[in-house]
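Note sheet for the following structure.
The values are calculated or read from the model by the stated rules, or taken from the named source; none is laboratory data. From a predicted model like this one, the values you see are computed outputs, not experimental measurements. Cβ sites come from the backbone with ideal geometry, for glycine too, and all protein chains shown count toward neighbours. The accessibility values were calculated without ligands, DNA or RNA, using every heavy atom of the protein model including side chains. Shrake-Rupley method; radii C 1.70, N 1.55, O 1.52, S 1.80 Å.
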Amino acid sequence: MRQSTEVRQEQIKQAVLDIIHTDGLKNLSTRMLAQRIGMSEGAIFRHFPTKQSIIHSIITDVQRDFIEQLRKIATSNELPQKRLEHLLCFTVKYLTDNKGITLLLFSEASHNNDEELKQALMQIFNTQKKMVSKVVLDGIAEGIWDENIPVENVAMLYMGIPVSLNVELILNKGALDTSNFCSRMMFLINKMLTR
């Protein structure tokens, strides 16, 4: 059955992430991609003109699906502690649901020295840090957290949590119990921020 371009593009992007997660980035080829989704290599290029355009489309998805949701959480009317917890838990869920995404994006940007991709990743990273900083500053303003805490350092430390999780996911081939990961990390963050 013939499927729409949008459906095929989503299948291609998901197959890219699946291959990276199960077989590693070095094994990502258009041949393997075509086999994985049951289409010819030529058909892949009817939906994406280059392999790089697939990667850029995945980045656009991250900006739309991940960053926009984080922005909604960070600017919600919830208490700062709840917003920070929701930011972290959503990040953990996104990374575990989209295995292979971080490895793909950072490897591709550094390996191919793709300046456009590096800029997009830098924007995603900096936006996450700004949202965390905003929530922490809100908590400080409300007297919940210690005003002497260096907010930039907290944001940078926070950014290390998903990176560490990602490393564990990669090393454990995704077989990692993350059921209480978020609550354990939030306990530590609250200890650090509380007066």
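Looking across region 149-195, just one residue is outside any helix (DSSP H, G or I), within 19 Å of L87 (Cβ to Cβ) and among the aliphatic types (A, V, I, L, M), and that is I149. Among the residues making up region 88-126, a single one is of a type in the set (S, T, Y), modelled with pLDDT of 70 or more and surrounded by fewer than 16 Cβ atoms within 10 Å (Cβ to Cβ): T96. Among residues belonging to region 1-21 that are free of Cβ contacts under 8 Å to residues at least 12 places away in the same chain and part of a helix (DSSP H, G or I), point out the one that is least open to solvent (accessible area, probe 1.4 Å). Selected residue: V7.
Each residue in region 47-77 was checked for being without any contact (Cβ under 8 Å) to a residue 40 or more places away in the chain and either in contact with a strand residue (DSSP E or B) (Cβ under 6 Å, 6 or more places away or on another chain) or exposed (fewer than 14 other Cβ atoms within 10 Å of the Cβ) (or both), and 10 pass. Exactly one of these conditions fails for M39: (1) crowded, with 18+ Cβ neighbours inside 10 Å; (2) part of a helix (DSSP H, G or I). Give me its number. Result: M39 passes all but (2).
Of the residues making up region 135-148, those that are open to solvent by less than 80 Å² (accessible area, probe 1.4 Å) and within 20 Å of H86 (Cβ to Cβ) are V135, V136, D138, G139, I140, I144, W145.
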